[in-house]
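The values are calculated or read from the model by the stated rules, or taken from the named source; none is laboratory data. Fair warning: this is a prediction, and the values are worked out from it, not measured in the lab. Ideal geometry is used to build each Cβ from the backbone, glycine not excepted, and the neighbour counts take in all protein chains shown. Each accessible area value is taken on the protein alone, full model and side chains, heavy atoms only, with ligands, DNA and RNA left out. Shrake-Rupley method; radii C 1.70, N 1.55, O 1.52, S 1.80 Å.
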Amino acid sequence: ASTLNCEAAALRVVAEVPRRRQSRNRRRMVEGHSVHRVARGLRQRLVGRRLKASSPNGRFTEGAELIDGQEFRAVEAIGKNLFAFFGGQHKGDQTVVHVHFGMAGVWAIFALAAGEAVPDPTPTTRLRLEDGEYVAHLSAMTVQHGSVELFEQKRAELGEDPLRADADPGALWAKVSGSARPIGQIIMDQGFFAGPGNIYRAEMLHAARVHPNIPGKHLTRSQFDDIWAAGVEQLGVGFAKGSIITVRPEDARALGKPDLRRYIYNRATCGRCDSRVLSWNMAGRTCYACPSCQPTTLGTEVKADLREGVVFNSHCARETLNARLAQGGARALTVPELRTILRERGEDFTGLKKDLVIKVEALALDGSAKGTGDLYNGSSPGKVPAAPAGDELAKDEFTTPERAAMEKALAGESRAVEHVAELAPEQAKRAVERATTPEAAVSDRIAKVRRRTPALRQDDSSSFHSPPGDRS
């Protein structure tokens, strides 16, 4: 049998998984950094235009009528919420559209001038905006409209957003330090921290070396400042790169793990110290901690549901195929991945997942089998290289949505993983198909789509509490 190319096999699985299976796997929350990326794209291409508005599925008809032909004046992102302002300069003349993307929302823009094909609206398309140059389709869990008072009400309910220039960490500290709830719960409360989800919770606390169970009122100001700084940095990288990558490239190299993307989320061992990661249920979500990097203090010990971290196929942040094999064994792979591995080695690939796991584990244990070592390392000759975590793009560069989708595919994450809210399914699929071409074509395409644009320019960042047109 030819030498097994695990990473290339994983990329083929991305393309081969049946559409029905992919739709079931699409369970990912659009996190704060993604919402800010959507807002940036809208500012660059649609704000300032007068657009025809309609509601293809009829669920936003009244709102579409109100903004039809009105100037798209401004857009604000606060945590996982987006607010679009239409109308005149004064707030009394404006209609606000509030969007919460939920698990699978997108606000995709199609450039007519560039010859981009515009797909038909889907049953979930609530709003369509168009003029002679662009068409935009919005699908989201929540799309509601109102006056500027709607924005002010929602803004008052939301906490501090690490990506906003007007964030007030001092005000957040006053709330956190007065709370008896564990900091792991507080970070997930959008009324405190606006934007982070479960992945960022795990990685922010790990970076700050703070245990999730420490009550807010027991944190020191220094610990809080470290948590906030980690959130600013990590969500900032997510905004610039379009991927949740919490390990600095230089740190990954120093650790001898150049492909390491996250330290503890959905990992069996800590990426920093290799201790076993512990996980438990916290308010209905899996919480993670490294007992060495995040030691417990008196009163913070986990008293129930404690277990060693078990790698699973996260639909928010999947590790590469090789990383999952190394950490969780064959059981950490999907059925299509297991079958691809067996098929490429000429082995029987029929049976239930438990049967496939046994067969793949037998391959890995048989040291005499040609190519066995490739199951556990990335040295397979001719494999499509995973894109380094940030190496190819300088910190001041903004990764396009298409490039972000390609990077995920090259890293072994399917387009159902860590949702790209700026792309329609057709656009994401085209980007993934580019990434699954032969290595030379991939490199060529990556070079063509790389663009050098500032990532966090002042004019791209949200910076005010009051609505547009009312800054006096």
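Any idea of the accessible area per residue across region 202-255, 1.4 Å probe, to the nearest Å²?
35
Would you kindly derive the ³J(HN,Hα) couplings of region 94-103 from the backbone phi angles with the Karplus curve 6.51 cos²θ - 1.76 cosθ + 1.60 (θ = phi - 60°), listing them in order in whole Hz, with x for Gly and Pro?
9, 10, 9, 9, 9, 10, 10, 5, x, 8
Once both labels are modelled 7 Å past Cα along the beta-carbon direction, what's the D355-T142 spacing in nm?
If labels sit at D355 and T142, their model points lie 4.7 nm apart.
Going by average Cβ density within 10 Å per residue, which order do the peptides 283-295, 141-153 take, highest to lowest?
With the highest mean Cβ count within 10 Å placed first, the list reads 283-295, 141-153.
Ranked highest first by average number of other Cβ atoms within 10 Å, how do 154-160, 194-200 line up?
194-200, 154-160
Provide the per residue accessible area, probe 1.4 Å, for region 106-149, rounded to a whole number of square angstrom.
Normalised by residue count, the accessible surface of region 106-149 is 43 Å².
Probe of 1.4 angstrom, ligands and nucleic acids ignored: what's the accessible area per residue over region 152-199, in square angstrom?
Here the residues of region 152-199 average 34 Å² of exposed surface.
Give the separation of the Cα centroids, region 258-301 to region 101-126, in Å.
38
What's the carbon and sulfur percent of region 78-150's accessible surface, probe 1.4 angstrom, rounded to a whole number?
Result for region 78-150: 53 percent of the exposed heavy-atom area is carbon or sulfur.
Report in % the part of the accessible area of region 198-254 that belongs to carbon and sulfur, leaving out ligands and nucleic acids; probe 1.4 Å.
49
Could the peptides 79-85, 174-180, 346-352 be put in order, highest first, of the mean number of other beta-carbon atoms found within 10 Å of their residues?
My ranking of the peptides, most packed first, is 79-85, 174-180, 346-352.
Determine ³J(HN,Hα), in whole Hz, for all residues of region 225-241 in sequence, where each value follows from phi through the Karplus function 6.51 cos²θ - 1.76 cosθ + 1.60 and θ = phi - 60°; x replaces Gly and Pro.
Values, residue by residue: 4, 5, 5, 4, 4, 5, x, 4, 5, 5, 5, x, 5, x, 4, 6, 9 Hz.
Just want the answer: with Cβ charges of +1 for Lys and Arg and -1 for Asp and Glu, which residue in L172, H218, T269 is farthest toward the dipole's positive end in region 147-281?
Farthest towards the positive pole: T269.
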